[in-house]
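The values are calculated or read from the model by the stated rules, or taken from the named source; none is laboratory data. Bear in mind the structure is a predicted one, so any value in this text is a computation, not a measurement. Note that we place each Cβ from the backbone using ideal geometry, even for glycine, and neighbour counts take in every protein chain shown. These area figures cover heavy atoms from the full protein model, side chains too; ligands, DNA and RNA do not enter into them. Shrake-Rupley method; radii C 1.70, N 1.55, O 1.52, S 1.80 Å.
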Protein chains: 2
Amino acid sequence: MSEKVSSRKQQVRAVDVARHAGVSRVSVSRTFTPGASVSASTRAKVLKSAEILGYHVNRLASSLNRSESGIVALIAAEIETPHRATMIAELSEKLQAAGKVTMLINTSGYEERVQDALLQAISFRTEAAIILSGAPDPSLADTCFSNGMKLVLINREEDFPGSLQIGPDNKAAGRTAFNALLRAGCQRIALSNSSNATSGILEREEGFLEAAVEAGVNVICEVAGVTSYKAGLEIGTRLMDREDRPDGVFCTTDLIACGVIDAARQRFGLRTPEDLSVIGFDNIPQAEWEGYNLTTFAQPTDLIIDKCLEWCTTQQPSTEAVKLPARFVWRNSVQKVLVAQSQ
Amino acid sequence: MSEKVSSRKQQVRAVDVARHAGVSRVSVSRTFTPGASVSASTRAKVLKSAEILGYHVNRLASSLNRSESGIVALIAAEIETPHRATMIAELSEKLQAAGKVTMLINTSGYEERVQDALLQAISFRTEAAIILSGAPDPSLADTCFSNGMKLVLINREEDFPGSLQIGPDNKAAGRTAFNALLRAGCQRIALSNSSNATSGILEREEGFLEAAVEAGVNVICEVAGVTSYKAGLEIGTRLMDREDRPDGVFCTTDLIACGVIDAARQRFGLRTPEDLSVIGFDNIPQAEWEGYNLTTFAQPTDLIIDKCLEWCTTQQPSTEAVKLPARFVWRNSVQKVLVAQSQ
DNA sequence: TTGAAAGCGCTAACAG
DNA sequence: CTGTTAGCGCTTTCAA
């Protein structure tokens, strides 16, 4: 009668378990704290009562108390994109394995969302924020640091004090790509990029162009849209339509490369690598598909992630910029060199 | 001198802001609580002080107090897979827009991880758990419910009291696929599926076979591997190697379909749709790529997600099973019918 | 509209 | 090894 059904969620608390087991609530806490000292018998009693009552430690409360949330924020846009999705999959898997909890913050849409994302991370007292897209505001970053939060920027060239900036050595890869095309005997070498590239992607372009200048070779540049398959399709069409149709092209991402290959094949009847050599970047799953068989650069994903985790669990906040070599993956989208290599 | 640098993270608390602004800590709380009554002047003072001190509400504490975390768990495996990634991208985006926070739990690897995932969700007092892969243990589900947690199972056929089970109408799609192939004039119709399919995917197969039986048509079945491009490649190769090489095939996912198309094209020099009609399911981004141009079924993603959100924010826990029609997307991987349609 | 007091569920520090 | 005490930072009564 007087028992009112409370609208408030009724959860089982440590004190309930303690009462049931006939011990103090602290013993309950200790039972669920690795490394705490409880006698086997107390432990057993607690575990049994917890099982019966359906008790589960409230990590909101324990996090608050210990000021350690165990949460790591992943901030990213366009997470449906193959390379991004792979990154997030591996990050979340390893984070999980390391006992961390991942909070995914999707910043697709307006750019200001990166700020909101960071704000959200701060209010949950996230232990670290790993930023895969966009750049944070330096003043907000300070708030992060003063809350003991770590910051990681992946594949961003901006330099950002107090954070780990990590990514592939884009420039070196660009150079390698150019030289590979040159050595494959390409006569008219092209570069295709999105007109909306991130700083990391621009570095690939830079490296490529630098190597071209050094070799005294003129490069055909075609640029369009945002980094995507569609942009590649458009660029490829423009490229193949030119008087001086290129016979070798470096695409700054695999998605663009797939578009270029399809434009050549489906719209012009041209084949890769016989008519056009193509090199991409990222080594997305589709690069391995038999319809593309794309020669590309594999991002050093594992190394990046390992370093991230190490950084997130390390004590000292500092600044570090790390460039990891991207592995060149030879498949079959670049013409084989028929003559013996010089020297 | 006696000022020791505490290793404990030093965060700015509401009481600090209160002191700085010359008001009570409660006023600070109210300033950051939408709809609470604070005078404009107090509010302004608080906001200013908060800005200066770099204060951000601790949501761990407020969640604990209000027993509302605002967190929704997304439980999924193989999140790098195109369809899965798209799902997660859209879910997280809309969740974010609805003011919720998404916790991503990657269950790739052993199957038991679904249990661990749910356990984690419970301990963070997640408001809902949306399960995209695997099925939870019923007894654990009860713990979820008693903690006021909502449960959603996407594209799983198991029926699960107390939860929302939602997904496309797989069976109907399977039937439609068969009829489309039949009407396209295919003489030898095949079905390809992974040998490791989920219950939802199996329904597609069932619908397809049912329609075949009704039409009195024998179907060539080829099954292999886990749901992936590679499996499609293998199945396609086997299919094209047969004496009675099929001229129309329904693949239970687009990934398999892409593999089948590539096997036919790259390994046998066969073209789609001239030599082989192919229908897929999911409408992944690659289905639209010009190299595939795949006729397929678009998952009713938007509807599924809207329903999820509605469910997660609704008060009454109950059981509901919803099947939404999958939209048939005509592209160019199915032979056009040359004769006028009967009737 | 404001402040004082009580408590969300838990764990750290201390004593026994 | 165990229990008591005192908070973690916040919000919610309640009274002014």
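Key figures for this structure:
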item	result
The range B:183-273: C-alpha gyration tensor shape, a/c 1.5 cut-off, then a/b vs b/c	oblate
Distance between the range A:237-305 and the range B:191-241 - C-alpha centres, whole angstrom	31
Residue mean of other protein chain beta carbons inside 10 Å, A:280-292	4
Rounded tilt (10° steps) of A:170-183 against the dominant C-alpha axis of chain A	30
Cβ-derived FRET efficiency at R0 30 Å, B:Glu274 paired with A:Asn196, nearest 0.05	0.20
Sparse-neighbourhood loop sites, trypsin sites (Lys or Arg not before Pro) in the range B:226-273 - DSSP loop, at most 14 other Cβ within 10 angstrom	B:Arg242, B:Arg271
Protein-protein interface of the range B:227-249, residues with accessible area decrease of at least 50 Å², isolated chain reference, 1.4 Å probe	B:Tyr229
Heavy-atom accessible surface of the range A:58-130: percent carbon and sulfur, 1.4 Å	47
Cα shape, the protein assembly as shown, gyration tensor, a/c 1.5 rule	oblate
Peptide B:143-151, shielding by other chains (average Cβ, 10 Å cutoff)	3
Dipole in debye (nearest 20) - chain A, about Cα centre, beta carbon charges: Lys, Arg +1; Asp, Glu -1	1940
Bridge type composition, the protein assembly as shown - antiparallel percent by DSSP, nearest 5	10
Listed residues A:Thr227, A:Thr102 arranged by accessible area, highest first, probe 1.4 Å	A:Thr227, A:Thr102
Selection from B:Thr253, B:Ala61, B:Leu181 lying farthest towards where the dipole of chain B points positive, charges on Cβ	B:Ala61
Heavy atoms of A:Glu320 accessible to a 1.4 Å probe, total area in Å² rounded to 10	70
Nearest-0.05 FRET efficiency for B:Glu288 and A:Leu324, computed from C-beta distance (R0 35 Å)	0.60
Estimated distance in nm for a label pair at B:Glu51 and B:Arg242, the labels positioned 7 Å out from Cα along Cα-to-Cβ	7.1
Distances in nm from A:Asn196 to the matching label points in the other copies, shortest first (labels 7 Å along Cα to Cβ)	3.6
Between 0 and 90°, nearest 10: helix A:199-215 axis offset from chain A longest Cα axis	30
Residue-normalised accessible area of the range A:170-298, given per residue in Å² at a 1.4 Å probe	35
Simple spin-label estimate for A:Asp142 and A:Gln316 in nanometres, 7 Å along Cα-Cβ	2.4
Shortest-first distances to equivalent copies, position A:Lys336, nm, label 7 Å out along Cβ	4.0
Residue mean of other protein chain beta carbons inside 10 Å, B:77-89	6
Test item: Cα-centred dipole of the protein assembly as shown, Lys/Arg +1 and Asp/Glu -1 on Cβ, debye	2680
Neighbour count of at most 14 Cβ within 10 Å plus DSSP loop: longest chymotrypsin sites (Phe, Trp or Tyr not before Pro)-free window in chain B	B:111-329
Share of carbon and sulfur in the accessible heavy-atom surface of the range A:170-298 [1.4 Å probe, %]	44
Chain pair A, B: total accessible area buried, heavy atoms, 1.4 Å probe, Å²	5500
Label 7 Å beyond Cα on the Cβ vector: B:Glu243 copy-to-copy distances, nm	6.0
Accessible area per residue in Å² at 1.4 Å probe, computed on the range A:1-125	52
